[in-house]
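Chemist: Okay, here's the structure, questions in a sec.
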Amino acid sequence: MAFIHINKQNFYHNLNQIALKTGAVDKIAIVLKDNAYGHGLVLIAKLASEFGIKHAVVRDLREAKEVKSFFDTVLVLAGEREVDEVCSFALNSLADIANTAKGTKVELKVDTGMHRNGIPCNKVDEALALIQAQGLDLVGVMTHYRAADILSAEYFWQSKRFETVKNQVEAAGFRGVRMHSHNSAAILRTQHFDEDLVRVGIAAYGYNELDDCFAPMQLKPVLSLHAKKVSSIHLQANESIGYAATFTATRPMQVSTYNIGYGDGWLRACSDVPYTTEEGLTVLGRVSMDLMSFETSQEEICILSNAQVAAKHFNTISYEIVTALNSDIPRYII
Ligand SMILES: *Cc1c(COP(=O)(O)O)cnc(C)c1O
């Protein structure tokens, strides 16, 4: 199987850069959903906690249980909710409030414009009253930006709506509630961060997905993907390689096959325009389930060390490239 290197120095570099923006390490909540964006859930939780990160965000209770020993708080975005000392649970609808047990720590998600889930702005007072009546422990109020990465007014009008929500929470008599709206794009672009927490995902893993017009913050990719040689052959001119014989040698070539394929989460899409690694090796023929071929005889090759390069090739975003990587691939800290 292929293997992944996790570069601890680069991860800490990114966290330091983010801490400069938030003003304090304590204000960072590392987003660990989906196997820490493919980087390895427990491995990244451990590194983040060693760095001094106190808060995490996960997708569901299963992920929360694997990492809660590393943090003071873990925000669970969806799924089952239960009374827990460390875990708090996002309330994504009024129905969620009714279906939550008394004493559960909750964080109210307000829909300020994304329109996926969350309580509509005009139902916030109703939601707060329900939370009180139900005896839930409101520890946070949050929202999510739909377009903080784009140079437009989007980020500003959503922020403004969230300011109103903050005032409503105060007015309803709640105290000590943490307020948070920023994701990576928002924290990278903001000049005056004054909230209690930032929920940072992709930037911690080394990617700045903002429009180029924003002042760039230097981030360093944390993950690299490598494969080992399975076999080598001499391909003669006119011999083809792989399924459907889509690549035919025009000259004799030294070709090796490596132990990575779409079964590992590498994309087979866009096979017609073959992917070229950052070392300059081009995939020969189609990507198989567990194998890919290149013109080289190296024992090991680096398939990817910057997901934005691959994302460009596959016409997607860095998030999808790293998150797709199979959780069974061994991950090693370097
Ligand atoms: C995934 C997620 C984030 C992190 O987003 P990035 O763009 O990776 O920083 C923050 N908040 C919520 C609610 C999320 O689902």
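Chemist: So if R0 is 22 Å, what FRET efficiency would Asp137 and Thr164 give, r being the distance between their Cβ atoms, rounded to the nearest 0.05?
Modeler: Efficiency at R0 = 22 Å is approximately 0.40.
Chemist: Could I ask something else about it? FRET efficiency for Ile233 and Thr316, Cβ-Cβ distance as r, R0 = 56 Å, nearest 0.05?
Modeler: That pair, Ile233 with Thr316, gives E of 0.95.
Chemist: Moving to a separate point now. If each DSSP helix of 4+ residues adds -39,500 (n - 2.57) and the sum is divided by the residues in the chain, what number results at 222 nm, nearest 500 deg cm²/dmol?
Modeler: -8000 deg cm²/dmol
Chemist: What fraction of the DSSP beta bridges in the chain is antiparallel, stated in percent and rounded to the nearest 5?
Modeler: Expressed as a percentage, antiparallel bridges in the chain total about 40.
Chemist: For the pair Cys213 and Thr276, what calculated FRET efficiency results from E = 1/(1 + (r/R0)^6), where r is the Cβ-Cβ distance and R0 = 35 Å, to the nearest 0.05?
Modeler: So the FRET efficiency works out to roughly 0.80.
Chemist: So what's the gap between the Cα centers of region 177-210 and region 275-307, to the nearest angstrom?
Modeler: Centre-to-centre distance over Cα atoms comes out at 34 Å.
Chemist: How much solvent-accessible surface does Glu295 expose, in Å² to the nearest 10, with a 1.4 Å probe and all protein chains in place?
Modeler: The accessible area comes out at roughly 80 Å².
Chemist: Report the relative contact order of the chain, percent, no decimals, based on alpha-carbon pairs under 8 angstrom and at least 6 residues apart.
Modeler: 19
Chemist: Any idea how far apart Ala95 and Ile150 come out in nm if each label point goes 7 Å out from Cα toward Cβ?
Modeler: Calculated label separation equals 2.9 nm.
Chemist: Test of understanding: what is the full-extension gain from His13 to Val309, defined as 0.36 nm times their sequence separation minus their Cα-Cα distance?
Modeler: Numbers: separation 296, 0.36 × 296 = 106.56 nm, distance 2.04 nm.
In short, 104.5 nm is gained.
Chemist: Using a ≥ b ≥ c from the Cα gyration tensor of region 7-200 (square roots of the eigenvalues), is it rounded, prolate or oblate, where a/c under 1.5 gives rounded and otherwise the larger of a/b and b/c decides, a/b for prolate?
Modeler: Values: a/c = 1.86, a/b = 1.21, b/c = 1.53.
Because a/c hits 1.5 or more and a/b fails to exceed b/c, region 7-200 counts as oblate.
Chemist: If the limit is 28 Å between Cα atoms, which of Lys46/Lys102; Lys220/Lys312; Lys54/Lys166; Lys65/Lys102; Lys33/Lys166 go over it?
Modeler: With Cα atoms farther than 28 Å apart: Lys46/Lys102.
Chemist: Across region 223-237, in residue order, what do the Karplus-derived ³J(HN,Hα) couplings come to in whole Hz, using 6.51 cos²θ - 1.76 cosθ + 1.60 with θ = phi - 60° and x for Gly and Pro?
Modeler: 9, 10, 10, 10, 9, 10, 5, 9, 6, 10, 9, 9, 8, 8, 4
Chemist: With a 1.4 Å probe and every protein chain left in place, tell me how much accessible area Tyr262 has, in Å² to the nearest 10.
Modeler: 100
Chemist: Right, another one. With a 1.4 Å probe and every protein chain left in place, tell me how much accessible area Arg59 has, in Å² to the nearest 10.
Modeler: Counting only protein heavy atoms, the figure is 120 Å².
Chemist: Now for a separate question. Farthest toward the dipole's positive end in the chain, which of Asn306, Phe156, Gln218, given Cβ charges of +1 (Lys, Arg) and -1 (Asp, Glu) about the Cα centre?
Modeler: Phe156
Chemist: Can you give the extra length, in nm with one decimal, that the chain gains between Asn122 and His192 once fully stretched, where that is 0.36 nm per residue apart less the Cα-Cα distance?
Modeler: Working it through step by step, the gained length comes to 22.5 nm.
Chemist: A follow-up question, please. Can you sort Ser88, Ser152 by solvent-accessible area, 1.4 Å probe, largest first?
Modeler: Most to least solvent-accessible, the answer reads Ser152, Ser88.
Chemist: Now for a separate question. About the Cα centre of region 156-236, how large is the charge dipole given +1 on each Lys and Arg Cβ and -1 on each Asp and Glu Cβ? Please answer in debye to the nearest 20. Numbers along the way, then the final one.
Modeler: Details: 10 positive and 8 negative charges, 75 e Å.
In total the dipole reaches around 360 debye.
Chemist: Given axes a ≥ b ≥ c from the Cα gyration tensor, I'd like to know whether the chain is rounded (a/c under 1.5), prolate (a/b larger than b/c) or oblate.
Modeler: Working: a/c = 2.45, a/b = 2.25, b/c = 1.09.
Taking the square roots of the gyration eigenvalues as a ≥ b ≥ c, the chain is prolate.
Chemist: In straight Cα distance, which lysines are under 24 Å from Lys160, not counting same-chain residues fewer than 8 positions off?
Modeler: The qualifying lysines are Lys21, Lys27, Lys109, Lys123.
The values are calculated or read from the model by the stated rules, or taken from the named source; none is laboratory data. For clarity, every value in this text was computed on a predicted model and none was experimentally measured. Neighbour counts run over all protein chains shown; Cβ positions are idealised from the backbone, glycine included. For the accessible areas, the whole protein counts, side chains as well, though only heavy atoms, and no ligand, DNA or RNA atoms are used. Shrake-Rupley method; radii C 1.70, N 1.55, O 1.52, S 1.80 Å.
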